[in-house]
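Any read-out appearing in this document is the output of simple, stated calculations on the displayed coordinates, not a laboratory observation. Being a predicted model, the structure only gives us computed values, none of them experimental. Every residue, glycine among them, receives a Cβ derived from its backbone with ideal geometry; neighbour counts consider all protein chains shown.
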Amino acid sequence: MENMNLSKHISGQFTAELDDIRNRVLAMGGLVERQLEQAIDALSALDAELAQQVIAGDHKVNGMEVSIDEECTRIIAKRQPAASDLRLIIAISKTIADLERIGDACVRIAKAALDKRLNNQQPLLVSVENMGRHATRILHATLDALARMDADAALALHKEDAKLDREYEGIIRQLMTYMMEDPRSIPDILDVLWAARAVERVGDRCKNICEYIIYYVKGKDVRHTSYEEMEKDMQS
């Protein structure tokens, strides 16, 4: 009887630890989402003060990644989880790495907002802002799918990255036209280019997180597979 009670106690502690790291990764996601929203706002308005806030806030994102990753390592070493519990910890460990990289993308966008010369490139900034708002919506929906571990939602969101890529390609063509028409604008245009590239990378990271969700729910690694193959895996 004592052994049975001890097992229940240990199981309860383990469940609490898993719930804790799930809550912490969602909190980290919420922070990154705010960072992205503020970075896009800063770029749109060329708000140097808001941009500096985003840059200064990156250390919080980095700190959360380190602490959550350490906890994942501790749980694996102490609990030796198996099956879905192990998949959850692996998915969280990979997710926080991608969230940290989204945080880095936010810093790059914010740094572009510090260049006051971009006042002359408002039409281009509007295009990047629209793309950034799209990326923010994708991130929000991805975090929602993560909170619910909704593989169907993750699969649907996986396709959104292709749309973001097309927006990015359109902005690149627009930037190339501007640079050919006025070579003197190249230094300014490059800042816009780096910001657009950073937004595009947000979509890539969200796609990765969607793949981790599917991995946890279905137990299948769907990285480097086509959407059609992922759809078949989901049905099997």
Residues of type lysines that LYS232 reaches as a straight line, Cα spacing below 25 Å, ignoring anything fewer than 8 places off in the same chain: LYS94, LYS159, LYS163, LYS207, LYS218, LYS220
Putting +1 on Lys and Arg Cβ atoms and -1 on Asp and Glu Cβ atoms, find which of GLY103, ILE40, THR225 reaches farthest to the positive end of the dipole of the chain. THR225
Mean-square fluctuation maximum in Gaussian network of the chain, Cα pairs under 10 Å, restricted to ILE102, ILE76, ILE92, hits ILE76
Evaluated at 20 °C and 1.002 mPa s, the Stokes-Einstein D of the chain based on the Kirkwood radius over Cα pairs, in µm²/s, stands at 112 µm²/s
Hey, in the GNM for the chain with a 10 angstrom Cα cutoff, which one of HIS224, HIS134, HIS158 fluctuates hardest? HIS224
Using alpha-carbon positions, what is the distance between the centroids of segment 50-68 and segment 171-231, in Å? 22 Å
So, with +1 on the Cβ of K and R and -1 on the Cβ of D and E, and no other charges, what is the size of the charge dipole of the chain about its Cα centre, to the nearest 20 debye? 260 debye
Of GLN122, GLN35, GLN13, the most mobile residue in a GNM of the chain (C-alpha springs, cutoff 10 Å) is GLN13
For LYS111, go through the lysines and keep the ones whose alpha-carbon is under 24 Å away, minus same-chain ones fewer than eight residues off. LYS60
